[in-house]
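Notes follow once the structure below has been shown.
The values are calculated or read from the model by the stated rules, or taken from the named source; none is laboratory data. Predicted model, so just to flag it, every value in this text is computed and none were measured. Cβ coordinates were reconstructed from backbone atoms using ideal geometry, including for glycine residues, and neighbour counts include every protein chain displayed.
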Amino acid sequence: MEGAPATTSGARERRGSLWQSFLAARRYEIGAAGLWLVLATVLAGLTSQVADWYVMTDELLYERLAISIAHLHSPLPHIHGELIGNVNQLYPLLLAPLFRGNLVPPGLHDAHILNGFVMSSAAVPAFLLARRVTQSVRLSYVVAALTVCIPWIALSSFLMTEVVAYPVFVWAALALHHATASPRARHDVLLLFALGLAILARTQFAVLLVALPFALVVHEFAFAPRGSLRRRVVATGRGVVSAHRVLAVAYGCFVLAALVLLAAGRLSSLLGTYSVTAEGNLFPSGMAHSLVEHLAPIGLGMGILPFVVGIAWLGTALVRSRIREQHAFASVATVVILALLFEVTSYDLRFGQGRLHDRYLFYVVPLVLVALAAALRDRNWSRWPLFASVGLLAMAFAYLPVIRYDKFNVDSPVAFLNGALLDAGGSVNGARLLLAFATIVAGLLFLLASALLGRRRAAVILLVIAALAMPVQAGLAFNRLFTADGTSGRPLTVDQSVVFDWIDRKLGPGAKVTMIPYPLLYGTYWGNVAYWWNVEFWNASIQRAAVYEQAFTGTPGTFPTIALSFDRTTGRANVSPTDYVAQAVAETRFALAGDVLNNDRGLELVRAARPWRAEWLALDLYRDGWTVPKVVGRIRVFAAPGQTGPTMRFLTVSVRGPQGQPAREFQLVSNASDWRAQAGVQPTSDQLSICVPQHGYADVQVSARRYTPIYGDPRSDASFSSYARSGGVLVTGIALADETRPC
């Protein structure tokens with residue numbers, strides 16, 4: 001009995017010793033997690049100031065996907081009630097709980113805070129990767145901090161996949177390095193999981209599946225037994241397959257599935273909504289110089305010299321390093337950087353409209369930062385590759401398009417520097433020359449400092465440059481984002497919820513409303529588009545979108561729409577998707593029968609009669625209400641269900657003439673009244689009587705004798721800007737009164 005307390009005490013001491021040993025072994029990881037939380041808190045403090053959308057229709061898409069997950073309780077991608085081929089589902093899955101049962105504004109605020117913590121979490125895998133490669137805890141902390149303090153971190157202000165794709169990419173790079181340097185079956189399984197997660201985060205990372213075998217071969221070839229080239233190649237192939245049996249089996253299945261899909265002509269469909277990027281010529285003209293050109297924004301955003309030194313070390317380690325951890329990293333980083341560089345360049349040349357999208361390429365920055373840390377740690381790496389790296393970046397700057405932007409450029413966050421570069425250089429060529437000259441001078445000064453001051457002092461200088469250049473640029477990027485009006489035309493930090501989310505406040509976010517977009521702003525396409533973007537973005541209850549006569553959607557094909565049509569003899573609609581409808585007060589194509597519950601800023605919320613039917617329908621007018629030259633338009637009023645005899649209805653019509661023209665004559669004629677007048681720029685209105693038979697309909701004729709050129713058809717951006725139409729007068733409003741009397 002006396003020995004029991006001693007035994008218990010010994011067990012406690014052993015448990016305490018084990019816990020202390022665990023903490024001692026993991027104290028650096030705990031420190032990295034603490035660093036991440038500090039950086040995340042600061043970043044979330046910045047992103048929480050964002051109160052509006054900035055990137056359309058990207059943010060609208062991922063918000064809608066998150067809301068659909070919350071409403072349908074399904075992880076599959078649904079937009080407007082239909083399944084779409086979106087692969088980037090990881091980010092909407094993270095956002096979904098924030099929008100469950102909530103109005104959009106609080107969900108949006110919470111999403112921006114979450115963004116700060118998620119995107120900055122890339123610091124943790126960056127720390128682990130740097131520690132494996134450099135064996136230096138201090139340098140690994142520096143890499144972790146700089147991974148967050150880059151100008152591209154401002155992308156955390158938006159509802160976009162970059163938020164989750166950035167940390168997931170670095171985790172995938174860590175798993176790739178781990179499997180390459182330490183081949184194990186469990187490491188291969190972990191790598192396959194990481195690659196799958198990366199593709200779910202961003203479809204673009206499917207390129208990692210192609211890069212992986214090349215990285216393994218490059219690394220294995222460096223350590224293959226000496227001999228003829230043929231023997232080394234054979235030994236490399238056998239070594240890769242032997243060391244990575246799980247990957248070999250997985251890739252065999254991948255290839256077999258790809259062959260089956262290729263035979264069926266559906267291989268590109270694996271990319272979902274991005275399937276078009278895998279079609280056509282992947283090597284467009286201008287590829288060579290554009291590959292180099294795409295390095296320029298990355299080098300500029302990293303402060304030039306850190307990028308130059310990091311790339312130089314990768315080249316040295318790839319050829320000369322005999323340390324497996326370092327060579328594995330050099331193999332992985334080099335192949336992955338080249339793969340992403342090729343992918344982004346090909347995309348930009350084919351679909352990027354001649355612009356650089358460094359937001360698709362900035363994922364490589366942590367890899368270059370780890371290489372930079374390894375260079376500072378490595379005493380034996382050759383300086384000669386530095387000349388090649390300097391020349392490469394100087395040549396990239398010689399091609400760089402230096403364009404001045406008034407606001408933050410999402411596609412190229414470092415482009416906020418372009419204005420200062422143009423001012424300093426005096427012209428585009430002057431700015432290019434300035435950057436190239438700065439690169440050459442920086443490289444030479446670094447070599448001179450290494451020779452005169454020693455490696456340690458030169459390393460300190462380089463760290464100071466990196467620690468200043470990148471965080472300062474990050475701060476300036478946020479400053480540009482917050483001080484210039486966003487693409488919505490509003491300050492990004494001003495809450496717009498009180499203006500636009502009134503539908504949700506009226507019905508609740510769980511209601512289902514069909515939106516029927518219509519151009520209500522005269523002569524402005526993007527103003528109309530932005531209006532309907534706001535309607536959908538700020539109201540979770542907007543669950544469907546209907547389009548009448550293929551006119552005016554404002555969203556791309558990833559947003560399915562319902563094709564709405566009406567029987568021209570009865571007014572009966574072909575569909576009745578929801579009880580509630582959001583449509584323009586100034587709608588001049590049709591009016592759904594129902595009760596108007598509320599209207600605000602040109603939009604009215606209607607509880608539609610079921611099944612849907614039109615009270616009146618406009619025919620032979622342009623879709624936005626203009627009369628067609630030499631064509632008599634008609635406004636058709638239908639008999640109401642249960643109507644017992646001919647009934648007099650009262651139709652109020654508003655008309656205006658084109659800008660810059662004298663008042664124009666027009667006439668409206670019904671079977672019970674007529675209205676002949678002149679319309680100037682300001683709308684004029686009148687009420688007409690029309691006798692509607694017991695069954696069927698009666699028409700009001702609308703015509704104008706004169707016509708002149710007007711703005712283009714607002715069905716799409718292309719039709720609006722590609723040609724002008726001719727029109728007579730614009731019908732700006734049609735309203736059918738509830739009052740009736742016998743004819």
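For (1) out of contact with any Asp or Glu (no Cβ under 8 Å at 6 or more places or on another chain); (2) closer than 30 Å to MET56 by Cβ; (3) among the polar types (S, T, N, Q); (4) in contact (Cβ under 8 Å) with a residue 24 or more places away in the chain, each residue gets a yes or a no:
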position	(1), (2), (3), (4)
ALA165	yes, yes, no, yes
VAL170	yes, yes, no, yes
HIS187	yes, no, no, no
ALA206	yes, yes, no, yes
LEU209	yes, no, no, yes
ALA215	yes, no, no, yes
PHE221	yes, no, no, no
ARG226	yes, no, no, no
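Of everything in segment 208-236, what is assigned to a helix (DSSP H, G or I) and either in the same structural domain as SER321 (by TED's automatic domain parsing) or at pLDDT below 90 (or both)? Give them in sequence order. Reasoning before the result, please.
At the first step, the residues of segment 208-236 found to be assigned to a helix (DSSP H, G or I) are 208-222, 229-236.
Of everything in segment 208-236, those that are assigned to a helix (DSSP H, G or I) and either in the same structural domain as SER321 (by TED's automatic domain parsing) or at pLDDT below 90 (or both) turn out to be ALA222, LEU229, ARG230, ARG231, ARG232, VAL233, VAL234, ALA235, THR236.
Quick one: is PHE205 part of a helix (DSSP H, G or I), of a type in the set (Phe, Trp, Tyr) and surrounded by fewer than 22 Cβ atoms within 10 Å (Cβ to Cβ)?
No; evaluated as a whole, the condition is false for this residue.
So how many residues does segment 377-427 have that are over 16 Å from THR439 (Cα atoms), β-branched (Val, Ile, Thr) and surrounded by 16 or more Cβ atoms within 10 Å (Cβ to Cβ)?
Number of matching residues: 3.
From the set of residues in segment 441-456 that are buried (at least 17 other Cβ atoms within 10 Å of the Cβ) and aliphatic (A, V, I, L, M), which is nearest to the chain's Cα centre (by Cα)?
Applying the filter and picking the extreme gives ALA442.
Scanning for something of a type in the set (Ser, Thr, Tyr) and under 24 Å from GLU536 (Cα atoms), does segment 479-490 turn up at least one residue?
Scanning segment 479-490, I find at least one residue that is of a type in the set (Ser, Thr, Tyr) and under 24 Å from GLU536 (Cα atoms), so the answer is yes.
Please find, within segment 598-608, the residue that is farthest from the chain's Cα centre (by Cα) out of those that are at pLDDT 95 or above and hydrophobic (A, V, I, L, M, F, W, C).
Result: ALA608.
Looking at this structure, is TRP152 at pLDDT 95 or above and assigned by TED's automatic domain parsing to the domain that holds LEU65? Write out each step before concluding.
Working: at pLDDT 95 or above: yes; assigned by TED's automatic domain parsing to the domain that holds LEU65: yes.
In short, yes.
Report, ordered by the first and then the second residue, all pairs with beta carbons closer than 8 Å, sequence separation of six or more or different chains, a first member in segment 527-538 that is assigned by TED's automatic domain parsing to the domain that holds GLU59 and at pLDDT 90 or above, and a second member that is surrounded by fewer than 22 Cβ atoms within 10 Å (Cβ to Cβ) and of a type outside the set (Val, Ile, Thr).
Short answer, once both residue conditions are applied: none.
Of these, GLY299, GLY286, which one is closer than 21 Å to LEU139 by Cα, small (Gly, Ala, Ser) and outside the structural domain of ASP58 (by TED's automatic domain parsing)?
GLY299
When VAL246 is evaluated against the numbered criteria (1) over 18 Å from VAL217 (Cα atoms); (2) surrounded by 12 or more Cβ atoms within 10 Å (Cβ to Cβ); (3) touching a residue at least 40 places away in the same chain (Cβ under 8 Å), which criterion, by number, is the only one it fails?
Among (1) over 18 Å from VAL217 (Cα atoms); (2) surrounded by 12 or more Cβ atoms within 10 Å (Cβ to Cβ); (3) touching a residue at least 40 places away in the same chain (Cβ under 8 Å), VAL246 violates only (1).
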